[in-house]
Each structure stands twice: as C-alpha cells, then as structure tokens.
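What follows is one structure encoded as structure tokens, with my remarks underneath.
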There are 2 protein chains.
Amino acid sequence: MATIKDIAGKLGISVSAVSKSLNGASDISEELRQLVLDTAVEMGYSTKRSRKETHRRLALFIENMDYASENDFGYDIILGFKQNAFKNNWDVDVIPVTPTFQLQEKYDTYLLKNGYSGAFIVGFALNDEWMKQFNFTTMPTVLFDNFIRNNPNTCYVGTDNYEGIDSAIEHLYELGHEKIAFLNGSLHSMVSEQRQDAFIQGMSRHGLKVNEKLLVYGYYVADSARYHVPTFLENGATAIMCGNDLIASGVIEECKIRGLRIPDDISVVGFDDIPLARALTPKLTTVNQNRIELGKGSYTTLASLISGIAISKTLMRPKLMIRDSTGRHT
Amino acid sequence: MATIKDIAGKLGISVSAVSKSLNGASDISEELRQLVLDTAVEMGYSTKRSRKETHRRLALFIENMDYASENDFGYDIILGFKQNAFKNNWDVDVIPVTPTFQLQEKYDTYLLKNGYSGAFIVGFALNDEWMKQFNFTTMPTVLFDNFIRNNPNTCYVGTDNYEGIDSAIEHLYELGHEKIAFLNGSLHSMVSEQRQDAFIQGMSRHGLKVNEKLLVYGYYVADSARYHVPTFLENGATAIMCGNDLIASGVIEECKIRGLRIPDDISVVGFDDIPLARALTPKLTTVNQNRIELGKGSYTTLASLISGIAISKTLMRPKLMIRDSTGRHT
C-alpha cells in the first residue's frame, strides 16, 4: 500500500506538496493536483484512504434510468439506499453520469478527489467506459445489475432473475399454458441475458418445450410489442412473458388492437412491478422487484465491502404478483 | 399475523394460558406448552415475535462439520459469525444437531420456545428433516451452502463456486494444461453440483473439452483419490482439480506412490484452503474460501432478514492461492 512519501518519491516533489494536493489546498495548481491524484490511485493509495471512513461520504452514480418521480424504477432504489446509509451516518451524493463524463473523469480519481469512501453504480451499460475501470478499481463499489469478475472490491446486487422467471413459468404452467412466449428486453445487458437463460431453464424444469420463434430479444420499451406479438400469435402462443412491465403494456395494447381478450384469449406477465402494472387494464400479473429492499441491501453490501468483507453477489427475492392479466388456458 | 388471542381462540383456552405457555411459566404443563407453541408456529405467530428482537439471541445449528480446532473448516465460520453478532449485541448459541434431533424437534417451535430471533444453519445435508421444514419456516434463517426456493425468510450464503472453479481452470490453462481432470466431492450436495456445473462451464469458456472419464464424483475424503487417480492417469490427465483440500492431499499421495513428481509430471489443485493446504509437500495451490468473511457475511445477511430485507443469496469472493503443486505443462 503506497504512502504519501511513496507518491512524493515517485513524482520527485515534496511530501507536503503531495499532502496539500490530496487535501485540496488552494495554493496547489489544478494540474499538479490531478497528477498527484492519478498517481495516488495508480499506486493504490485510494483504498487505504477510503478504508479510514474519515469522510463518511458515499457516491451514487446513475445512468440510463429515471428516478425523479415515484413512478420511476430508480426512485425507490435510491430512497432505500439513502435511508439505510443515513441511519448509519453516511452522506450520499446522487450523481447522474453520461458516457462523455466517464471519458473525462477517471473513476477512482473522481472518488478520491471528492472524498468518497465508496460508490453505488446504477443503470450502467456493458460498454460504458467505467465498466472497464471497475475491473481494476481499488474503491469499494457496488453495482446494481452488473457483475465484475475477480475484483474483490466490487459486488453485484440485483433481484434473483432465475427465481423470478421460474415463478412466472410455474404460475402459467399451473394455469395449463404450454406454448409460452418470452419477449425479452435489450441485448447486451447482463440482466436480459440472465432472464433469457432463466426462461430456457425454467421451461425445461417444467417439462415444456422452448419454441425458438417464441423467444426473442426486443428493447425495454412498449413499442417492442408491435414487431413481435404477431409472430407469437401465428405460432400459437397462449401466454406472453415480458422482459419488463413497459414491454407488457405494449403487448396488452397490441393484443387488444387485434381483438384478443386478456386473460380469456391470452395471458400476459410483466417483470419489475412498477406502479404502471397496477394501472393497466387488466391489472398486470408481474414479477415484483422490491426496489426499497434492493437499495437497502445495496447499502449493507457496500458497508461490508468498506469493512473488508469481499461479498461478490447479493441477490434479493423476487415475488410474483398475481393480478388479472393471467388466466386458465382452456 | 396471528395474535395471542387468535391462538387462544383456536385452542379454546384462555389468553393468559397462551401467554404463560409462550413465556415458559412454571404452572403450565409441558404438554400444553408444546401444543401452544406448535399452534403459534402454525399460525405464523413466531415471525411477529422474532421481528421484535426482544431476546437478542441467535441460534447456530451445525452438523456434519468439524469446528472444534483452528484447523477445522467450521472453526472460522463460527468465529466470524460470533464476532459480528457480538459487535451488534446479539448472543449466539452454537447447537450441534443430529438427524434424530431433527426428527424429535420441530425447527420453528424449537426456536420459538428457546427465544431465538433467527438462526444460522451450517453443514446440513439435502435429505435432512429440517431441510424440508425450511421451505415453510417463518423464522429468519441463513443457510451456509444450501438454498431454499421461494421462501423469503431464508437465505443462502456461500463462496461463489463458479468464480472459484473458473479461476483454477484459468490458472491451469495459462500453464498450458488441456487435459484437466476434476475429482469432485460427494453427490447429493448442492455445493458439489455447483462445482461440477462450474467445471463444465469453465472448461467450455476456455475452449477446452471435457472428457467424461476425467470428471467424477467421489467423497469429501482423501481416500477418494485411490479409486480415481489411476483412471485419470490412464486417460492422459496432466492436471487434477479436487472438490476440496482433503481430496487433493489424497491425490498428491497417490501420485507420489506411483512415482510421479508434482508439479513436474502432474499438477494438483484443491478447494477451501484449510491450514492443511500449506502443510502439504508440495504446498497446495487451492481456491481459498475466506471462512471468517463467510461467518461475518452470514451474520450481516441474517440481520437483514430479521429487519425484513429478503436477501436470497449472498456469495463471497473465492481467491486462488497459487503455491507449489501447479506447474507448466511441457
């Protein structure tokens, strides 16, 4: 673990200049400060500093996810995280980020210069710049719905997609459905891949055949339905599972346009249980992700990482909410 | 959620008799007490009571695992659990159990009558009586290396076997090994099944073929080696991965008897990193399970369950310890 003296030695400057740079003294130029911070991160100084918990500040970086209103998926995740963090005397800054921001700022350096002891990462895409940096970060980092291999400073938190998808298949199976379609969300998302895999496993566990024409990736938007529902119907689907509730709302709309009654003619299941699910007609049967618990569990996990316990995955229980969009296949 | 009044109503006895039974008053017969407790558990009273955290007592049930000495696998798991629990003002009772004990005592009733708010379950086998009861328990229950489907009062804690096995394959692959054998532990264990599956996935991820003659279940004892090492050698294995360190110690012994040098002629990898691993000649390359962290993380997870956060899985990072039993394949 590097000390201030090591950093000074490497850069050929005085110990006090390094110390001033790290502490943001005003008589140090911004260029020198950046150089000292980058070097400190390179030499592993950040971890040592963060583990001291002197600042009691956590960062929550969020991208690609709405969180401003109670109806947004991210709202309760942030709320739960903050609730648990505040109870344990941590301040939390919510920082929206963009791909450009990630190119401009190095992740570890950003945390170090702003005095954060760790971070919670929400909504990042697999091809984000910081996703590469997470492979080598020395800062305690919890990722919502993303997994980093082999770096004990990082942990993945999410809902158990395997159990969630399986409970939906079980419900449809018990209602007599066999030709079950799955309109998944976007490709290049770890969560979509897990749900795809979970669907194949779950169908097999119930002795049901997967028809390749009934299993497709779309996007996490309602519009996805328009392109795929016709094919599902042509191939005899009696139930359609969806990658999230938005997709399900599109599927319901598309089925209605075609004069199909839900659930009498076809059953529809969502994923997430955002407030929209209860507002649809009929009310949507869906797999609930408890977002308050996800937020709270993410804080607990981050606290464990900060205290040196290398948790790699924390999965939360999904809960199937049976409402009015699923019925017996006759 | 049932109240004392509900229990009294169901049994046709007075509220005060129920209350006395639940609190272990001396003027209540043991038979009546047992009946009240069983009824309370049946009606879901236990959960309500446990969530109050009035007793601040946790139970740690252990079976099929040594834990008396520092060299035993269970020692640090219990130590880590206790350390974290005590820090948070919980008392912990370590209770060794047998299959007979599980037939005599109902799990929920046992916790309720002894005033436990939750339990940590270590070393249980899939066919144990209580494993069935865990499907329906209303008590916060964390299981080491066992998973219960669909019951949000339970959580599985363990090391990420997939990452552990994969890191061992990666290490051997980088050393030039392609014919890698896996002598797994016992059948009918969730952990063995995961490691088997992880081995097949990991080989495929590295573009290596799995030879069925090089992949077998044994038992978690050194003696397993005697029966399987000859077949591995006949089929050209240049490296042998093992279900745990004990098996690896047997494999090393068996190879030595046959005049093979380790790692020059054959590489051997263990799993667990118990103290024995460093005492072997040559020192064993193995996948470390950090048992103190497993214990600590299990406490944190149990505390989350007690506070109503339904975590279903907490996985810890494995760490490959590269020592002297693995070498380049020439």
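The values are calculated or read from the model by the stated rules, or taken from the named source; none is laboratory data. Predicted, not measured: the structure shown is a model, and the values here were computed from it. Cβ placement follows ideal geometry from the backbone for every residue including glycine, while neighbour counts extend to all protein chains displayed. The accessibility values were calculated without ligands, DNA or RNA, using every heavy atom of the protein model including side chains. Shrake-Rupley method; radii C 1.70, N 1.55, O 1.52, S 1.80 Å.
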Item to check | Accessible area (Å², per residue) of the range A:148-224, counting only protein heavy atoms and a probe of 1.4 Å | outcome: 42 Å²
Checklist outcome for this item: Sorting from shortest, the nanometre distances separating the label point of B:H188 (7 Å past Cα along the line to Cβ) from those of the same residue in the other copies are 4.9
Checklist entry - Taking A:K106 as the anchor, which lysines have their alpha carbon closer than 21 Å to its alpha carbon, excluding any fewer than eight residues away along the same chain? => result A:K10, A:K20, A:K48, A:K132
Checklist entry - Using a simple charge model, +1 on the beta-carbon of Lys and Arg, -1 on the beta-carbon of Asp and Glu, nothing else, what dipole does chain B show about its Cα centre, in debye to the nearest 20? => result 860 debye
Checklist outcome for this item: Expected max-MSF residue from A:D38, A:D108, A:D27 in the GNM of chain A (alpha carbon, under 10 Å) is A:D27
Checklist outcome for this item: Here the net charge surrounding B:Y67, from other residues whose Cβ is less than 11 Å away from its Cβ (Lys, Arg +1; Asp, Glu -1), is -4
Checklist entry - If one takes the longest principal axis of the Cα atoms in chain B, at what angle in degrees, from 0 to 90 and to the nearest 10, does the Cα axis of helix B:161-174 lie? => result 10 degrees
Item to check | Long pairs among A:K113/B:K313; A:K87/A:K319; A:K313/B:K256; B:K213/B:K283; A:K82/B:K313, criterion Cα-Cα beyond 32 Å | outcome: A:K113/B:K313; A:K313/B:K256
Next on the checklist: Using the Karplus curve 6.51 cos²θ - 1.76 cosθ + 1.60 with θ = phi - 60°, what ³J(HN,Hα) values do you get for each residue of the range A:300-308, in whole Hz, with x for Gly and Pro?
Outcome noted: 4, 5, 5, 4, 5, 4, 4, 7, x
Item to check | Dipole of chain B, positive direction: furthest Cα of B:N153, B:Y227, B:F182, with charges on the beta-carbon | outcome: B:N153
Checklist entry - Taking the Cα centre of the range A:257-330 as the origin, how large is its charge dipole in debye, to the nearest 20, when only Lys and Arg (+1) and Asp and Glu (-1) carry charge on their Cβ atoms? => result 60 debye
Item to check | Dipole of the range B:221-330, positive direction: furthest Cα of B:T300, B:H329, B:Q289, with charges on the beta-carbon | outcome: B:T300
Item to check | Computed helical MRE - 222 nm, the protein assembly as shown, DSSP H runs ≥ 4 contributing -39500 (n - 2.57), nearest 500 | outcome: -13000 deg cm²/dmol
Next on the checklist: Under 10 Å, Cα contacts only: if you run a Gaussian network model on chain B, which one of B:Y227, B:Y45, B:Y67 comes out with the highest mean-square fluctuation?
Outcome noted: B:Y227
Checklist entry - Can you list, shortest first and in nm, the gaps between the label point of A:N127 and those of its counterparts in the other copies, using a point 7 Å from Cα in the C-beta direction? => result 5.3
Checklist entry - Alpha carbon centre of the range B:237-294 versus the range A:92-152: separation in Å? => result 37 Å
Next on the checklist: Counting protein heavy atoms only and a 1.4 angstrom probe, how many square angstrom of accessible surface do chains A and B bury in total, to the nearest 100?
Outcome noted: 2200 Å²
Checklist entry - Counting only protein heavy atoms and using a 1.4 Å probe, what share of the accessible area of chain B belongs to carbon plus sulfur, as a whole percent? => result 50 percent
Checklist entry - Average partner chain C-beta neighbours within 10 Å, per residue of A:151-160? => result 2
Checklist entry - Which semi-axis lengths, in whole Å and largest first, follow from the square roots of five times the eigenvalues of the Cα gyration tensor of the protein assembly as shown? => result 39, 35, 31
Checklist entry - In straight Cα distance, which aspartates and glutamates are under 17 Å from B:K179, not counting same-chain residues fewer than 8 positions off? => result B:D166, B:E170, B:E212, B:E234, B:D264, B:D265
Item to check | Amide H within-cut-off set for B:I240, under 5 Å, with H built and near neighbours excluded | outcome: B:A181, B:S267, B:V268, B:V269
Checklist entry - For B:V157, which sequence-distant residues (separation of 5 or more, or a different chain) have an amide H within less than 5 Å of its own amide H, given hydrogens modelled in the peptide plane? => result B:L143, B:F144, B:D145, B:N146, B:T314
Next on the checklist: 5 Å is the cut-off here: which amide hydrogens, built 1.01 Å from N in the peptide plane, fall below it relative to A:M321, excluding neighbours closer than 5 in sequence?
Outcome noted: A:T286, A:V287, A:N288
Checklist entry - Taking the Cα centre of the protein assembly as shown as the origin and placing charges on Cβ (Lys, Arg +1; Asp, Glu -1), which of A:L246, A:Q83, A:L103 is farthest toward the positive end of the dipole? => result A:Q83
Item to check | Size of electric dipole in the protein assembly as shown: Cβ of Lys, Arg +1 and of Asp, Glu -1, about Cα centre, debye, nearest 20 | outcome: 1040 debye
Item to check | Residue with peak Gaussian network fluctuation, chain A [Cα springs, cutoff 10 Å], from A:K209, A:K296, A:K113 | outcome: A:K209
